[in-house]
Amino acid sequence: MTNSTRDSDETMPKSCVIPLHCSLGSGRQWARLIEKLGNRCDAIAPDLAGYGDQKRPFYPLTTLAEEVQLLSDRLNGSTGPIHLVGHSYGAAVAFKIATGSPFASRVRSLILIEPVLPTLLKDDAKDRRLHDRFADLARETYGDLWNGLFMEALDKFCTFWNGSAPLQPISPAARLRMIEQVDKLAFDFAAVLAEQDVAAAAARIRVPTLLFSGGLSPYLTQRIVAKLASIIPGAEVRHLRDAGHMMPCSHADLINPEIIRHIRRADDLAELSLVSGLGGPKTRRIDRNVQPSPAVGSAR
């Protein structure tokens, strides 16, 4: 007799975790997450255009679709299902991969940490002011970069994303690294502000989705997460009351176990579906109201 479970394990391609970093960061942001993943799945943490090993030269990308296209070779580096993890601008790129790219059919789960998708807020009068303030920040940053005021552009950017969190000094080495790649911010702003039909794309997501937001983050991203949670079928939400926008670094010990749990649950559901022939897993909403998970110690 054939052991169907064993046969499915032998033939099922190994899944791959692909975490995407924030603006002014690099794939090194995810070193602790990759270390904790172990060998159950592969992991690729690429540098986005203009950052890390892709810093120079970079093609002047102005849309999220172009960012995805530039990542195609890395995404094709694995043949199995994909677990997408994204933070900030990287989460916007991950959202685009999952909803509007040739790789969407390979996405098995989606984890978005404060995705920068400001156009989602344009259709509501109360939220539009958040979008407009972000667009103003983009214009101010463009102006500084055009005039060679790189330190001023960096300070505006960091102040905005600091939200209501206590000010943390940036080391001279980190500040120098950020200034060296600060001109890519203009293209990151352009890409997210050009993205349209975000709500319709979110409503079509059918993979297990986990969303994170922080209580000290800019209200812009808190609202984006709340709106996505109300749109994406079955989405789960984790709100960390005492975390800011850089929570993948500052709160990695809380976030990484949640990410790994979500990935493993998605893999287990996929394996069960393959063995039983039931088709893709159905997800259910755990947290529509951005309430805490007991697994996250400092959540609100």
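Computed about its Cα centre, the charge dipole of the chain is approximately 700 debye, with only Lys, Arg, Asp and Glu carrying charge at their Cβ. Of all beta bridges that DSSP places with both ends in the chain, some 5 percent have antiparallel geometry.
Sorting the segments 69-76, 195-202, 25-32 by their mean number of nearby beta carbons within 10 angstrom, highest to lowest, gives 25-32, 195-202, 69-76.
Applying the Kirkwood pairwise sum to the alpha-carbon positions of the chain produces a hydrodynamic radius of 19.6 angstrom.
For segment 94-134, backbone nitrogen atoms closer than 19 Å to the point 7 Å from E271 Cα along Cα-to-C-beta are found at 107-110. Summary value for the chain: 19 percent relative contact order, contacts being C-alpha pairs under 8 angstrom separated by 6+ residues.
The mean sequence separation of alpha-carbon pairs under 8 Å and at least six residues apart, normalised by the residue count of segment 140-251, gives a relative contact order of 28 percent. Axis angle, to the nearest 10 degrees, between helix 150-162 and the longest C-alpha principal axis of the chain: 50 degrees.
Take every Cα pair under 8 Å whose residues are at least 6 apart in sequence, average their separation, divide by the length of segment 31-97, and the relative contact order is 26 percent.
Taking every protein chain into account, the accessible area of the chain amounts to 46 square angstrom per residue (probe 1.4 Å). Per residue, the chain reaches -14000 deg cm²/dmol at 222 nm when only DSSP H runs of four or more residues are counted, each adding -39500 (n - 2.57). Packing around the peptides 131-144, 228-241, 88-101, 36-49, taken as the average count of other Cβ atoms within 10 Å per residue, puts them in this order, highest first: 88-101, 228-241, 36-49, 131-144.
First compute the accessible area of segment 154-230 with a 1.4 Å probe, then give the percent of it belonging to carbon and sulfur atoms. C and S atoms contribute 61 percent here.
The values are calculated or read from the model by the stated rules, or taken from the named source; none is laboratory data. Just so it is clear, the structure is predicted and the values come from calculations on it, not from any experiment. FYI the Cβ positions are ideal-geometry reconstructions off the backbone, even for glycines, and counts take in every protein chain you see. With ligands, DNA and RNA removed, areas are computed over all heavy atoms of the protein, side chains included. Shrake-Rupley method; radii C 1.70, N 1.55, O 1.52, S 1.80 Å.
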